[in-house]
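Structure first, commentary second.
Read the figures in this text as sums done on the coordinates, not as results from a lab. Only a predicted model underlies this, so the values are computations on that prediction, with no experimental measurement involved. Positions of Cβ are generated from backbone atoms using ideal geometry, with glycine treated the same way; all protein chains shown enter the neighbour counts.
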Amino acid sequence: MVKRFVGRIGRWPAYGTASSSWPAGEVYGLSAPPEPVHESGPGRCEMQFMRLHSEGRFEEMWEMLAEDAQRAWGGLHNFIREMPRLDEWLEILDMQVASVTLLESWTDHVHGRTYDNVARLVMRYRVRQRRKEWTFDRQVHLVGANGDWRTLCYPMRAGAAAGR
């Protein structure tokens, strides 16, 4: 069950363990009031992205993708068609930012790209499938762009979108 959920939202590559450089005690929960992306940190941005994903609001998610990721998807229509949906039986109960590390540069070895001004986050998800609940961590990367944070969510399937 965990593998199936991670497969659904795990389109972003996972890399080693991150250490926190975020101010102590600053953890974001699902119940926090939504803020505009331009006023929020990388954690709030990623949580908003996942909230939109769980609600199936893919058009709004598109604007939160880094330019490289948008090119890899080949356009909004490909993204809407190819982005995996969360199963109806699965509910995200809570998500938190476990740690944030701000990096001057980072190389995505999976996609062969190097980025400047990167936030590496470890996100902690608590989910429920019917009566069973579990928690797991997943690492994601966001890049700074025009005062905002953009997620590096790429298509996983070869040939799923043009421009890769």
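Take each of the peptides 94-101, 49-56, average the number of other beta-carbon atoms within 10 Å over its residues, and list them starting from the highest.
Numbers: 94-101: 19.2, 49-56: 17.1.
My ranking of the peptides, most packed first, is 94-101, 49-56.
Is the shape of the range 59-164 best called rounded, prolate or oblate, per the rule: a/c under 1.5 gives rounded, else a/b larger than b/c gives prolate, else oblate, with a ≥ b ≥ c the square roots of the Cα gyration tensor eigenvalues? Walk me through the intermediate numbers first.
Numbers: a/c = 2.07, a/b = 1.23, b/c = 1.68.
Oblate.
What full-extension length gain, to one decimal in nm, is calculated for residue 156 and residue 55 as 0.36 nm per residue of separation minus the Cα-Cα distance?
Values: separation 101, 0.36 × 101 = 36.36 nm, distance 2.10 nm.
Here the segment from residue 156 to residue 55 would lengthen by 34.3 nm.
Determine the gain in length on full extension of the stretch residue 88-residue 145; use 0.36 nm per residue of separation and subtract their C-alpha separation, reporting nm with one decimal.
That works out to 17.2 nm of additional length.
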For 86, 142, what's the fewest-to-most ordering of other Cβ within 10 Å of each Cβ?
86, 142
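So if each residue of separation counts as 0.36 nm, and I subtract the Cα-Cα distance between residue 134 and residue 103, what length gain in nm does that give? Before the final figure, lay out the partial values.
On the way: separation 31, 0.36 × 31 = 11.16 nm, distance 3.02 nm.
That pair, residue 134 and residue 103, stretches by 8.1 nm at full extension.
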